[in-house]
Amino acid sequence: MRNKKINIFIIAGEVSGDALGARIMRQMKTTANFTGIGGSEMTACGLKSIFPMSDLSVMGVIEVLAHARTLSRRINDTVRAILDIKPDLILTIDSPGFARSVISKLRKDSEGRKLISNGLRFYHVVAPQVWAWRPGRAKKYAKTFDKLYAFFDFEVPYFTKYGLNTIAVGHPIAETVSENLKVDSTSSDKVITIVPGSRMNEVKRLMPMFQSVVETISSCGYIGYRFAIPIVETTAEYVKNEIKNWSVQPELVPAHKRYDLYQHTYVAIVASGTVSAELAMLHVPAIVTYKMNAITTWLLKHAIRVKWVSLVNILLNRGVYPECLGPAATADNIINIFDRIILPSNRTQMINNLKLADNMWMRSSGAPSKIIADDILKDISDR
């Protein structure tokens, strides 16, 4: 291993990637300097972020097109920063479209080609769910990246068959979930946690529906329930302004305190995404919902190859978490499901089903961030 610190250019485009990036950085803090794109957690770990992570927090066909000019500018900014810094390795976490665009430009640039010929490598964390839809992405990943860190063993063959070095590391969220945080099915706490997501477009789409859900629960004879919303930096101000008009004011909880909130949550109503995995690991009963624009809804309806979008449902091949997606994402549907979940017997049964996935989240070989960090350091030292 070299005496001087290595330089890693790291890119995370959303809150979950920022959290994982920070954990990886902490594993390597004595051996590496980090520049790139990230949020508050990565910045706190020493990242020099070249622009706000929120510029990349875009999801959906229409949304990406609407932000095309900003994304194009940020791709060029990122390429220039990489050419200036000349890092030892580029590590991208999720945000695959942005990562591929950056790498493609580097491969076409004469200076970028020189960096690559001198050993610059592209490693990516989070395998796309090719087993669910668009399986052709596996081949594209093999042409783009030099190594892929997937979460689960069953994902590995989809990529290795195209020659992409792929390692299963376990689900990163499991690192932060300890046994003493598991939810007690006999708890008398009646906190309803509302999670509208971390991307501005999804939050704007879901908040009116969540307002209706909260106000209905509060006004229709449900006794003793109170509400809370964990907020993230990318949407905090918007959420704060939105709830000013609600007849019931939920408690706003900073994202870094969300696990304390989840520990006392009776039922969660959440946007589809990483949060549903967090809640499943913590054994929190939940309803998963998502609203999309009409074009994205149509595309997913014709492309999706699995029954569910929640990871715990997919892993167990059963509908543990009820899902209200697309046209089914209505306040009435959520309230109807809520009525069933709050029955003690149904809530206990859901918690017992969530426990069936406990041994699927983490590998026996260690924490995902340490597996990734150790592998990167070994690869660089072996050059």
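The values are calculated or read from the model by the stated rules, or taken from the named source; none is laboratory data. Bear in mind the structure is a predicted one, so any value in this text is a computation, not a measurement. Backbone-built Cβ (ideal geometry, glycine too); neighbour counts: all protein chains shown.
Before moving on, here are some points about what is shown:
- Inclusion of Thr234 among residues that are part of a helix (DSSP H, G or I), out of contact with any strand residue (DSSP E or B) (no Cβ under 7 Å at 6 or more places or on another chain) and either of a type in the set (Gly, Ala, Ser) or at pLDDT below 90 (or both) is not warranted.
- Residue count for segment 221-252 under the criterion of being surrounded by fewer than 17 Cβ atoms within 10 Å (Cβ to Cβ) and hydrophobic (A, V, I, L, M, F, W, C): the result is 5.
- Of all residues in segment 354-373 being closer than 20 Å to Leu315 by Cα and of a type in the set (A, V, I, L, M), the one that is surrounded by the fewest Cβ atoms within 10 Å (Cβ to Cβ): Leu356
- Within segment 84-96, restricting attention to residues that are surrounded by 15 or more Cβ atoms within 10 Å (Cβ to Cβ) and assigned to a helix (DSSP H, G or I), the residue that is nearest to the chain's Cα centre (by Cα) is Pro96.
- Within segment 359-383, if we keep just the residues that are in a helix (DSSP H, G or I) and free of Cβ contacts under 8 Å to residues at least 24 places away in the same chain, the residue that is farthest from Ala277 (Cα to Cα) turns out to be Lys378.
- Counting the residues of segment 105-149 that are within 26 Å of Ala19 (Cα to Cα) and of a type in the set (Ser, Thr, Tyr) gives 4.
- Within segment 1-21, the set of residues being surrounded by 18 or more Cβ atoms within 10 Å (Cβ to Cβ), of a type in the set (A, V, I, L, M) and either within 21 Å of Asp379 (Cβ to Cβ) or modelled with pLDDT of 95 or more (or both) comprises Ile6, Ile8, Ile10, Ile11, Ala12, Leu20.
- Only one entry of Arg73, Arg80 meets the criterion of being surrounded by fewer than 16 Cβ atoms within 10 Å (Cβ to Cβ), outside the structural domain of His256 (by TED's automatic domain parsing) and at pLDDT 95 or above, and that entry is Arg80.
- Number of residues in segment 19-38 that are without any contact (Cβ under 8 Å) to a residue 40 or more places away in the chain and not in a strand (DSSP E or B) equals 5.
- Hey, Ala132 of a type in the set (Gly, Ala, Ser) and assigned to a helix (DSSP H, G or I) or not: no
- Among the residues of segment 138-167, those identified as over 17 Å from Asp379 (Cβ atoms) and touching a residue at least 40 places away in the same chain (Cβ under 8 Å) are Lys140, Tyr141, Thr144, Phe151, Phe152.
- Here the condition is being surrounded by 15 or more Cβ atoms within 10 Å (Cβ to Cβ), modelled with pLDDT of 95 or more and either of a type outside the set (D, E, K, R) or in a helix (DSSP H, G or I) (or both); of Ser218, Ser198, Ser212, it holds for Ser212 alone.
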